[in-house]
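FYI, it's all coordinate maths here, none of it is from the lab. Predicted, not measured: the structure shown is a model, and the values here were computed from it. Please note: Cβ atoms are built from the backbone with ideal geometry, for glycine as well, and neighbour counts cover all protein chains shown.
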Amino acid sequence: MTTRMLGPVGALAVFAAVGALGGIPAAAQGGSNPPSLVVTAFGGDQPQYKVPRTAWGDPDLQGAWSSDDMSNIPMSRPEQFAERLYLNDKEYGDRVTQVKGAVERFENDADSTFRFDFARRAFRQTSLIVDPPNGRMPAPTSRAQMRQMPRGTFGDGPLDWTTDFSLYERCITRGIAGSVLRVIYGNGNRIVQGPGVVAITYEMVHDTRIFYTDNRPHVGNGIRQYLGNSRARWEGDELIVETTNLTDQTAVGVNGNGVRHSPRMTITERFKRVAGDILQYQMTFDDPATYEQPFTISMPLTPLDGGRLLPYDCHEGNMAIVQSLGAERAEDKALAEDLARGIVRPRRAVQDGAGVGAALPPGRGRGAGPGPGNP
């Protein structure tokens, strides 16, 4: 990724938003046994490595880890690879060349010190999903397909209230999966430990989760949280975290987008240090009300360039929500005025064709002449 300018480290906010959902019997949570850890970092090989220990004897997972090196590895496996989890030598060589080319290109042309982070290291995975064997995300159930996360400013509107925006756009959370899956920047994950406890902080949207390893039970079923309730245990060198008590407001996708799961979702995570500079991380998602079968994502996390998470100033009062709702009401008025003059036209979306970072599409930039959004 690009060289990161390090500013003051902001306070880390522990996020514990509680959903107002009724209790769900424990038997209604996902019930299948999640698969063992799939170490993908070495293309199927598993070199011997002695995991360092903390002063109190637990495996030491501490550090600032990143998913930046998962660039160009899709969530679901392209059909051409069938059940093959790893690239062959020729395919891997092409990926190495691709990564090296991206490094040279972005180091020469980057217009920012923190945006568009990119991979520096190539891995052989054909997909992040390692189970089921075809590497494909199971289809959502017919009822679940109606629970898409709102597209907000990237949708066609109308936007009538804050719930028409995604939780990410509202600066609330990207969910557990969305907080680790690689995006164009902000992919840092800091892990710290103490006796009987492990904590992980995500760089973007600044969530912190705390995993107790002292055998305490989950909280009652009536308590629901965006990031659920997590309990952990050590099995040898591996940390296993089970999360229940989730709401139906988060999803398993990049930036937390996609089909929103049900409160029955159980997430099982596995953390294991497999080399001095690699932390293998795995997530199994089990929600029979949303997906036809459980599925598992596994990927190596590597040291974050710069070693420190950058402050992410995103909060629930973000002006983008107020401004977008205001723009929608202005469009309501403009549509009514046009209709009164006999003009029938489609609604203009708030984003009006602009992409990430407000980049305009070809032909809509400065000097492109008049047009919608470019007077």
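Some notes on this structure:
- Extending 7 Å from the Cα toward the beta-carbon at both Arg143 and Glu235 defines two label points whose distance is 3.1 nm.
- Bridgeable lysines around Lys50 (alpha carbons under 22 Å apart, same-chain partners fewer than 8 residues away excluded): Lys272.
- For segment 18-303, the dipole from Cβ point charges (+1 on Lys and Arg, -1 on Asp and Glu) about the Cα centre works out to 340 debye, to the nearest 20.
- Spatially proximal aspartates and glutamates relative to Lys90 (Cα-Cα < 20 Å; intrachain offsets below 8 disregarded): Asp45, Asp69, Glu79
- Sorted fewest first by neighbouring Cβ atoms within 10 angstrom, Thr296, Thr40, Thr162 come out as Thr162, Thr296, Thr40.
- In this structure, Tyr92 and Ala330 have a Cβ-Cβ separation that, at R0 = 51 Å, corresponds to a calculated FRET efficiency of about 0.45.
- Shape class for segment 37-192: rounded, because the ratio a/c of the largest to smallest gyration tensor axis (alpha-carbon atoms, square roots of eigenvalues) is under 1.5.
- Backbone N within segment 257-281 under 16 Å of label point (7 Å from Tyr49 Cα along the Cβ vector): 270-281
- Both radii come from the Cα set of segment 18-303: Rg as radius of gyration, Rh as Kirkwood radius; their ratio Rg/Rh reads 0.96.
- Relative exposure of His206, His218, His315, judged by other C-beta atoms within 10 Å (fewest first): His315, His218, His206
- The listed peptides 237-245, 191-199, ordered by packing as a protection proxy, come out as 237-245, 191-199 (highest mean of other Cβ atoms within 10 Å first).
- Distant-in-sequence amide contacts of Asn229, defined by a placed amide H-H separation under 5 Å and a gap of 5 or more residues or a different chain, comprise Thr244, Asn245, Leu246.
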